[in-house]
Amino acid sequence: MAKAHLCLCFIILLHFFSDWCVAKPATKNEKLLQIINYACSKVDCKIISEGGACYSPNDLFNLASVAMNLYYQAQGRHFSNCDFEGSGIITITDP
């Protein structure tokens, strides 16, 4: 019982700390582009557009991760909103 209680407390604590949705490292560029297009059709992605704070035209992985996280945060940080057909992962370490 104590083990289950400890696990439940840990899960509750994780909910209150920040978490991020990022692309899995092995995700192919074509999929990253699809993710960016999808996420940015649902949320404001100005931050990754030219002139934005996270604009990096040569780093598709980072652009996709930012777009994924914007979508994930906007949708209420539900695990299912970071799946992106198996291309997303949630991290509690600030990327």
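Here is how the numbers come out for the structure above:
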quantity: In the stretch 32-49, residue farthest from Ser87 (Cα to Cα) [restricted to those that are of a type outside the set (D, E, K, R) and open to solvent by 70 Å² or more (accessible area, probe 1.4 Å)]; calculated: Ser41
quantity: Unique match (being farther than 14 Å from Asp83 by Cβ, over 12 Å from the mean Cα position of the chain (by Cα) and without any contact (Cβ under 8 Å) to a residue 40 or more places away in the chain) among Asn62, Asn29; calculated: Asn29
quantity: Breaking point among (1) modelled with pLDDT of 95 or more; (2) of a type in the set (Val, Ile, Thr); (3) over 13 Å from the mean Cα position of the chain (by Cα), for Ile12; calculated: (1)
quantity: Boolean, Glu85 is modelled with pLDDT under 95 and surrounded by fewer than 19 Cβ atoms within 10 Å (Cβ to Cβ); calculated: no
quantity: Looking only at the stretch 50-81, and only at residues there that are in contact with a helix residue (DSSP H, G or I) (Cβ under 7 Å, 6 or more places away or on another chain), open to solvent by 60 Å² or more (accessible area, probe 1.4 Å) and modelled with pLDDT under 95, the one that is farthest from Asn29 (Cα to Cα); calculated: Ala53
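The values are calculated or read from the model by the stated rules, or taken from the named source; none is laboratory data. Small disclaimer: the values here were computed from a predicted structure and weren't measured. Note that we place each Cβ from the backbone using ideal geometry, even for glycine, and neighbour counts take in every protein chain shown. Surface accessibility is based on the protein's heavy atoms, side chains included, excluding ligands, DNA and RNA. Shrake-Rupley method; radii C 1.70, N 1.55, O 1.52, S 1.80 Å.
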